[in-house]
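Enquirer: Before anything else, here's the structure in question.
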Amino acid sequence: MTYVITQNCCKDASCVPVCPVDCIRPVDGAGDTEMLYIDPEACIDCGACAEECPVEAIYYEDDLPESQVRYRDIAADYFRAHPLTADNTPEPRPHAPVQPGALRIAVVGAGPAACYAAAELLEVDGVEVDLFERLPTPFGLIRAGVAPDHQRTKSIADMFSLAFTNRRFGCHLNVEIGERFGHADLLAHHHAVIYAVGAPSSRDLGIPGEGLPGSHPAADFVGWYNGHPDHSDRGFDLSGQRAVIIGNGNVTLDAARALLMSRDELTATDIADHALEALSDSAIEEVVVLGRRGPRDAAFSVGEFLALGDLPGIDVIIDADCDLSPGPDDDVETAMKLTVAREYRDRAPVPGNKRVVFRFHCAPVAIEGDDAVTGIRLRDTRTDADAGVLPASLVLRSIGYRGTPMPDLPFDEATGTIPNDGGRVVADAAALPGVYVTGWIKRGPRGVIGTNRTCAAQTVAALWADFDAGVLTRDVADRAALTATLADRGLAEVDWSGWRAIDKAERGRGADGRRPRVKFVTVEELLAASRP
Ligand code: NAP
C-alpha cells in the first residue's frame, strides 16, 4: 500500500523532508514536473507526508476519492520513467540566531511569495519581519487568485497564519508603499527590504478590438469572482450563450469552471456574493478555449485537465483534428494529458449538458464588434489560413499576468520583472545593497503556490550571505518608531488582529449557509470588519 499525492498538490515540498524513506520526488519541488509524486514501491505507509501536507492533497491509497484514483497510476508511471535514486543534497542548515534588533526586514506584499519569505526569516531567532500590504487582507493570490472551488489549496493560508503569530512579526495591512511611505522609509526602518509584489497586471494581445466592451483580461474576471476590492464592481456580460477564453493555462480552466458551474456548486465555495448571483443567472452554455499551439504544448496542468472531466453537467469536447498520440520524447505528464484528451474525444456528449470546447492551433487575429464583442476572428497557426469568425459575446484574454514597476526600483519592461541576480535587485550591473525580490516580480508569472517556497529560499539565502558579509550592517529605526511614522503619515494600518477580526466575521457570515466564508469585497467593508 502507498500514499498518493493528488490534484491540488501545492508543490511546496513540505512533505519531502518528513518522509523517512526519501521516496517523494522531485525533492526541491522546483523541478519541471507539475506536481510531486510518491514512489509506490518505496512508500512504507507511515503517513508522515499526509500529516505535513499543508493542503491535504495526500491520501492513503485505500481512501482515494474516485476522482483522484488516477494519480496512483500517474505516480507509478513517473517512477517507471524516473527510477528512485538517493538524494544526497545536504539539508540546508538554518542560520544562527541574531541579536535582537540586528536584522529588521521589510517584506512588501502579502501573497504566497511574501509569506514564504517572511515565514522562513522568522525561523531564525532574533530576526524581526514587518510585512506591508496595500489591501486590508493578507494572502494575495491565495485569497484573490486561487479558484473558489479549490478550497483545499486556499487552506495553505492556515500554515502562514500559524507562523505569523510570532511576536517578531509585524503586520501592516492597508499600507501602500508609495508616496506617503516609500522605499526610503522602508530602508530607514529596516536593514533589508524584500519586494514580493507579484504581477498584478495582465499581458496584452495587441490585436484590434481588444478594448471592446465584453473583452476582458481573465485576471479581472478572477479578481471579480474572488471579491478583490479592485475588481468587485466590474460587470461581465453573461447574457450570451458562448464565451471564448484565449490561452489555455490553468487560469483559463479556473475561469471556464466558474462560468459553467451550477449555482449549488458555486454556493459551496467562497466565491464573492455578487459573482455567485451573476453566474447563477448566466446564460453561457459553452466556453471555447483557444490554444495557439497543439495539445502537447497546452499550458494547463494534467491534474486540472483531468478534474474538468468530473464536473457534473459539463462535457469536455476536444474540437480539432490534431495529433493526440504520445511520442517517445513526451514526459509522463504530457503523455497523460494526451491520453486524457483522447478519452474526452471519445466520450459521447450528454444532451442538455454545458460544454468546455478545446480548440488548438488557433490564434486570435481580431476581436470583432462595433459597440461590444460579437465574435473573434481566428487564424490556423499550422497553415496560417484564416479560420473564420467564432461568434461570442464574452472574450477573456488569459495569456498571462505581468509585473508593474515599483517606485525607486529598476524595472525590465521586456519581462515585466525587477532585474535581479538570484533575488538581489540589480541596477546598472550592481546589486542594490539590502534590496531583494521574490515571487512573480522576480522570476515572472510562472509556477504554482509552492514554487514560491524555493524561490523565497534562494532570496533569503542571498540576504543571509549579505548579512554575514556585513552588507546589511547599519543603524535603522525600531518598530516603535515605525508605528509612530505610519501614524504620523495618516496611514491607518490593519494589524494581524484586525485581519483575524475580518476573517472571523467573513466565516461567521458563511456559517448559516453551506459557505466557507462570505467575503467583504470593498476596502470600506473590510476596514469596518477589522475594527469590531
Ligand atoms: P500560463 O500558464 O503562462 O498560460 C498562458 C497561456 O496564454 C498559454 O496557453 C500561452 O500559450 C497563451 N498565450 C500567451 N500569449 C499568447 C498570445 N499572444 N496569443 C495567444 N495565446 C497566448 O498563464 P496562466 O494561466 O495565467 O497561469 C499563470 C501561472 O499560475 C501558471 O504557472 C499556472 O500553472 C499557475 N496557476 C496554477 C493554477 C493551479 O494549479 N490550479 C491555477 C491558476 C494558475 P503558449 O503556451 O503558446 O505561450
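The values are calculated or read from the model by the stated rules, or taken from the named source; none is laboratory data. None of the values given here were measured: they were computed from a predicted structure. All Cβ positions, glycine included, derive from the backbone under ideal geometry; neighbour counts span all protein chains shown.
Enquirer: For residues that are free of Cβ contacts under 8 Å to residues at least 60 places away in the same chain, assigned to a loop (DSSP other than H, G, I, E, B) and in contact with a strand residue (DSSP E or B) (Cβ under 9 Å, 6 or more places away or on another chain), scanning just the range 380-414, find the one that is farthest from Cys455 (Cα to Cα). Steps first, answer last, please.
Expert: Just the residues of the range 380-414 that are free of Cβ contacts under 8 Å to residues at least 60 places away in the same chain, to begin with: 380, 382-389, 405, 410-414.
Restricting the remaining residues to those that are assigned to a loop (DSSP other than H, G, I, E, B) gives 382-385, 405, 410-411, 413-414.
When the remaining residues are screened for being in contact with a strand residue (DSSP E or B) (Cβ under 9 Å, 6 or more places away or on another chain), the result is 385, 410-411.
Values: Ala385: 42, Pro410: 20, Phe411: 19 Å.
Per the stated criteria, the residue is Ala385.
Enquirer: Restricting to strands (runs of 3 or more DSSP E) lying wholly in the range 1-109: which have 2 or more residues that are under 22 Å from the mean Cα position of the chain (by Cα)? Write out each step before concluding.
Expert: Details: elements: 3-5, 58-60, 104-108.
Filter on the range 1-109 gives 104-108.
Yes/no matrix, rows are residues, columns are (1) modelled with pLDDT of 95 or more; (2) of a type outside the set (Lys, Arg); (3) surrounded by 15 or more Cβ atoms within 10 Å (Cβ to Cβ):
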{"residue": "Pro328", "(1), (2), (3)": "no, yes, no"}
{"residue": "Ala341", "(1), (2), (3)": "yes, yes, yes"}
{"residue": "Gly352", "(1), (2), (3)": "yes, yes, no"}
{"residue": "Val356", "(1), (2), (3)": "yes, yes, yes"}
{"residue": "Arg359", "(1), (2), (3)": "yes, no, yes"}
{"residue": "Ala363", "(1), (2), (3)": "yes, yes, yes"}
{"residue": "Asp370", "(1), (2), (3)": "yes, yes, no"}
{"residue": "Thr374", "(1), (2), (3)": "yes, yes, yes"}
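Enquirer: Follow-up question, since we're still on this one. Quick check on Arg203: is it among the basic types (Lys, Arg) and more than 9 Å from the ligand (Cβ to nearest atom)?
Expert: Details: among the basic types (Lys, Arg): yes; more than 9 Å from the ligand (Cβ to nearest atom): no.
No, not satisfied.
Enquirer: Among (1) away from the ligand (no atom under 16 Å from the Cβ); (2) buried (at least 20 other Cβ atoms within 10 Å of the Cβ); (3) closer than 20 Å to Cys362 by Cβ, where does Asp321 come up short?
Expert: Going through the list (1) away from the ligand (no atom under 16 Å from the Cβ); (2) buried (at least 20 other Cβ atoms within 10 Å of the Cβ); (3) closer than 20 Å to Cys362 by Cβ, Asp321 breaks only (2).
Enquirer: Let me ask something else. I'd like to verify a number: residues in the range 260-294 that are assigned to a helix (DSSP H, G or I) and surrounded by fewer than 23 Cβ atoms within 10 Å (Cβ to Cβ), how many? Give the steps one after another, and end with the answer.
Expert: From the range 260-294, those assigned to a helix (DSSP H, G or I) are 260, 263-267, 273-280; that's our starting set.
If we keep only those that are surrounded by fewer than 23 Cβ atoms within 10 Å (Cβ to Cβ) as well, we get 263-267, 273-274, 276-280.
So the answer is 12.
Enquirer: Can I ask one more? Among (1) touching a residue at least 24 places away in the same chain (Cβ under 8 Å); (2) over 30 Å from Ala363 (Cα atoms); (3) of a type outside the set (Phe, Trp, Tyr); (4) assigned to a loop (DSSP other than H, G, I, E, B), which single condition is Val448 missing?
Expert: Checking Val448 against (1) touching a residue at least 24 places away in the same chain (Cβ under 8 Å); (2) over 30 Å from Ala363 (Cα atoms); (3) of a type outside the set (Phe, Trp, Tyr); (4) assigned to a loop (DSSP other than H, G, I, E, B), the one that fails is (2).
Enquirer: If you scan the range 384-401, which residues turn out to be within 12 Å of the ligand (Cβ to nearest atom) and over 17 Å from Ala258 (Cα atoms)?
Expert: Ile399, Gly400, Tyr401
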